[in-house]
Amino acid sequence: MSFYTNKIYPWILDNTDPKELAALRLSNLKDTKGEILEVGIGTGANLPFYPKEIKRITAVEPSESMHQRAQIKAYKNNITIDWYQGKGESLKFSDDSFDTVVSSGLLCSVDDVDKVLNEMYRVLKPGGKFYFLEHGISKNKKIRKLQIRFNRVNNVIACGCNLTRNIENHIRNSAFEIIEVFHVETFAGINKLYPPVHGTATKKSI
Ligand SMILES: C[S@@+](CC[C@H](N)C(=O)[O-])C[C@H]1O[C@@H](n2cnc3c(N)ncnc32)[C@H](O)[C@@H]1O
């Protein structure tokens, strides 16, 4: 891993989270419960927003330097992380292991969105909830053009992050059943390029 991916990018993530995202993180996580898996936990930006009763979560994250930053936030928020270094495309957990699966800012960056969704679905218990707070292709034509134009440069600066994925379609085409989904197109400045798509999906009980 380069100095940039190891040191600078985690610092960027910790210092450029749009202010508007805090409210979305809070509402995305407010009903999380039970055995929780967060895939791509990064520097742990979600940790301050879990309900106070949550004392332990399982996290999968490929980058050790991200994990080190996440540990600091976990300590401050009185949460223990059972950390697994790895990727969402291949989760080392049995089927139906978790009550809740969480992802935020992950599906833009993974190598294979559909594989990650399949894996998250597999490890979620029937009736469990998948809470996502992602970003993707804008519904606004002008922003969409900018996203296509800057996708390559963003991909380099943001370590593999894509601006042009249609995350809602990926989730709709997966085995998950979407309960609710929202698109936010009100972010200002450069954050317009990262319009959040967030919501809840479930694995139907048979
Ligand atoms: C933009 S960061 C978001 C971090 C955090 N979830 C947040 O909300 O700030 C994307 C994270 O996904 C991780 N990541 C990238 N590819 C991954 C994969 N295939 N499986 C799991 N995590 C991955 C990266 O290492 C990084 O920590």
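Read the figures in this text as sums done on the coordinates, not as results from a lab. Model, not experiment: these values are computed from the prediction. All Cβ positions, even for glycine, are placed from backbone atoms using ideal geometry, and neighbour counts span all protein chains on display.
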- Message: Being within 17 Å of Gly88 (Cβ to Cβ), within 13 Å of the ligand (Cβ to nearest atom), buried (at least 20 other Cβ atoms within 10 Å of the Cβ) and of a type in the set (Asp, Glu) is the requirement here; does Glu64 meet it?
- Response: no
- Message: Checking Gly127 against (1) exposed (fewer than 15 other Cβ atoms within 10 Å of the Cβ); (2) in contact (Cβ under 8 Å) with a residue 24 or more places away in the chain; (3) more than 23 Å from Asn46 (Cβ to Cβ): exactly one of these is not met. Which one?
- Response: (3)
- Query: Looking at the range 112-206, what helices (runs of 4 or more DSSP H) fall wholly within it and have at least 3 residues that are more than 16 Å from the ligand (Cβ to nearest atom) and closer than 22 Å to Ala22 by Cβ?
  - Reply: none
- Members of the range 85-108 found to be buried (at least 17 other Cβ atoms within 10 Å of the Cβ) and within 13 Å of the ligand (Cβ to nearest atom), listed by number: Lys87, Gly88, Leu91, Val101, Val102, Ser103, Ser104, Gly105, Leu106, Leu107, Cys108
- Which of the residues that make up the range 1-56 are in a loop (DSSP other than H, G, I, E, B), among the polar types (S, T, N, Q), more than 11 Å from the ligand (Cβ to nearest atom) and within 17 Å of Phe132 (Cβ to Cβ)? Thr32
- Message: Cβ-Cβ under 8 Å, sequence separation 6+ or interchain: first residue in the range 2-24 and farther than 10 Å from Ser65 by Cα, partner among the polar types (S, T, N, Q) and assigned to a helix (DSSP H, G or I). Which pairs?
- Response: Pro18/Asn191; Glu20/Asn191
- With the first residue restricted to the range 170-195 and required to be under 12 Å from Leu117 (Cβ atoms), and the second required to be in a helix (DSSP H, G or I) and hydrophobic (A, V, I, L, M, F, W, C), Cβ contacts under 7 Å at 6 or more apart or on different chains are His170/Val113; His170/Leu117; Ile171/Leu117; Ser174/Leu117; Phe176/Leu117; Ile178/Ile171
